[in-house]
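The values are calculated or read from the model by the stated rules, or taken from the named source; none is laboratory data. Model, not experiment: these values are computed from the prediction. Because the Cβ atoms are built from the backbone with ideal geometry, glycine has one as well, and the counts that use them run over all protein chains shown.
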Amino acid sequence: MVVMKETASDAEIEAVVERIERVGAKAHVSKGARVTVIGAIGDVETDAAVGALGLEGLPGVDRVVPILKPFKLASLQFRHGEQSVFEIGNAKIGGPYFALIAGPCTVESRDQVLATAEAVKEAGAAMLRGGAYKPRTSPYSFQGLGVEGLALLKEAKERTGLPIVTELMDARDIEPVLEVADVIQIGARNMQNFTLLAEVGRAGRPVLLKRGLAATLEELLMATEYVLKEGNAQVILCERGIRTFENAYRATLDLQAVPVLKELTHLPVVVDPSHAAGRRELVTPMSLAAAAAGADGIIVEVHPKPEEAVCDGPQALRTAEFAAYAEAVRRAAEVAGKVPAGELARAA
């Protein structure tokens, strides 16, 4: 990590970039309000070559700091200990901002998605989630409406103004997803689909990356590097439960991941209590715990009639009860020092 002086000129920054790339490393330039940081990324051999360049002596360079973590661009050290804040539509996420992302597990019909979108907006959600493409354990289960589902999400966005979070499963579907999505979700099963991660990195759209069912935090952050190294700096990490020996609920929600990730990375961290719990009655207490633990947001499932849902109905909150839920979560987030983002801030 090359830290430039506040007075460094564009020409001096470009000279450092050119010197780094000359030895086969990749230079990532991050311009802050006052200081520019250049990350030199490569394998062991290129790291050694960069170290031998004597960059400390170049004009405009303040200091060179080695990043010892295997995840370079995601490292908190890369941002001098400063948490990243992303603006997505009217909402902010990361740093002091808390964003509530809510909507149906899957888009089923026009009435269902529009009713849900209006309910979560009214209650203060910052973004609307909804699946047009659904990864299912069984190949015989409902797989989503695909392009038709994306069109319904687009209509919901036009009606409510809420940014859309939707999942991409296959790089072949990226163009229609990009026409609608403000945030591309990569599900737990695709966390280590490195080709797909690189593709969304090149797409330049914010990415919400879910932790795999058996992934360590380091493996999650290394997966993040596949997006970041392509030039896409906006990645939101999601803890959604990991597989353990316990079978009283669907997955074990690892809330310790929130403060630990905050020690390791500058990227925002959100929690998905719906998929971890698998049971509606567990979603609220786990949401409150996540907000109190310092999460930057919660992504939660909401449905007008969960008992009629095509998938994951038992874990979906009812739209009629969502406003009370959102208010409780907002208060818990404020206890942790968070400022409500987007519609949640206006609803407060």
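Brief remarks follow.
- Counted residues, the stretch 7-23 - those being in contact (Cβ under 8 Å) with a residue 24 or more places away in the chain and assigned to a helix (DSSP H, G or I): 6
- Residue that is farthest from Met222 (Cα to Cα), among those in the stretch 31-41 that are in contact (Cβ under 8 Å) with a residue 12 or more places away in the chain and surrounded by fewer than 17 Cβ atoms within 10 Å (Cβ to Cβ): Arg34
- Scanning the stretch 271-304 for residues that are in contact (Cβ under 8 Å) with a residue 40 or more places away in the chain and farther than 15 Å from Ala326 by Cα returns His275, Ala293, Gly294, Pro304.
- Set side by side, the residues Ala336, Ala323, Ala289 differ, and just one is surrounded by fewer than 19 Cβ atoms within 10 Å (Cβ to Cβ), within 19 Å of Gly95 (Cα to Cα), of a type outside the set (Asp, Glu) and touching a helix residue (DSSP H, G or I) at 6+ places or on another chain (Cβ under 7 Å), which is Ala336.
- Some residue of the stretch 71-86 being in contact (Cβ under 8 Å) with a residue 24 or more places away in the chain, buried (at least 17 other Cβ atoms within 10 Å of the Cβ), more than 30 Å from Val335 (Cβ to Cβ) and out of contact with any Leu (no Cβ under 7 Å at 6 or more places or on another chain): yes
Listed here are the residues, each with its yes/no results for (1) under 30 Å from Arg129 (Cβ atoms); (2) loosely packed, with under 13 Cβ neighbours inside 10 Å; (3) at pLDDT below 80; (4) in the same structural domain as Pro163 (by TED's automatic domain parsing).
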residue	(1), (2), (3), (4)
Val29	no, no, no, no
Asp43	no, yes, yes, no
Ala49	no, no, yes, no
Glu56	no, yes, no, no
Gly60	no, no, no, no
Asn90	yes, no, no, yes
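- Test: residue in the stretch 161-183 that is in a helix (DSSP H, G or I), modelled with pLDDT of 95 or more, of a type in the set (Ser, Thr, Tyr) and within 22 Å of Asp312 (Cα to Cα): no
- Tally of residues being under 22 Å from the mean Cα position of the chain (by Cα) and without any contact (Cβ under 8 Å) to a residue 40 or more places away in the chain across the stretch 305-316: 0
- When we screen Val147, Val165, Val227, Val180 for residues that are under 18 Å from Glu239 (Cα atoms), touching a helix residue (DSSP H, G or I) at 6+ places or on another chain (Cβ under 6 Å), of a type in the set (Val, Ile, Thr) and in the same structural domain as His266 (by TED's automatic domain parsing), the only hit is Val227.
- Residue-level analysis places Thr106 among those that are farther than 30 Å from Gln83 by Cα, in contact (Cβ under 8 Å) with a residue 60 or more places away in the chain and in the same structural domain as Tyr325 (by TED's automatic domain parsing).
Residues checked against (1) touching a strand residue (DSSP E or B) at 6+ places or on another chain (Cβ under 8 Å); (2) at pLDDT below 95; (3) of a type in the set (Phe, Trp, Tyr):
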{"residue": "Ala99", "(1), (2), (3)": "yes, no, no"}
{"residue": "Val120", "(1), (2), (3)": "yes, no, no"}
{"residue": "Ala125", "(1), (2), (3)": "yes, no, no"}
{"residue": "Gly130", "(1), (2), (3)": "yes, no, no"}
{"residue": "Pro135", "(1), (2), (3)": "yes, yes, no"}
{"residue": "Ser138", "(1), (2), (3)": "no, yes, no"}
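- Subset of the stretch 296-318 (residues that are within 19 Å of Ala99 (Cβ to Cβ) and not in a strand (DSSP E or B)): Asp296
- Search result, residues across the stretch 103-115 that are in contact with a helix residue (DSSP H, G or I) (Cβ under 6 Å, 6 or more places away or on another chain) and either among the hydroxyl-bearing types (Ser, Thr, Tyr) or surrounded by 21 or more Cβ atoms within 10 Å (Cβ to Cβ) (or both): Gly103, Pro104, Val107, Val113
- Out of Glu175, Glu167, Glu118, sole residue that is closer than 25 Å to Gln192 by Cβ and surrounded by fewer than 23 Cβ atoms within 10 Å (Cβ to Cβ): Glu175
- The sole residue among Val17, Val37 that is of a type in the set (Val, Ile, Thr), at pLDDT 90 or above, closer than 22 Å to Tyr226 by Cβ and touching a strand residue (DSSP E or B) at 6+ places or on another chain (Cβ under 7 Å) is Val17.
- Residue within the stretch 212-233 that is among the polar types (S, T, N, Q), more than 15 Å from the chain's Cα centre (by Cα) and in a helix (DSSP H, G or I) present: no
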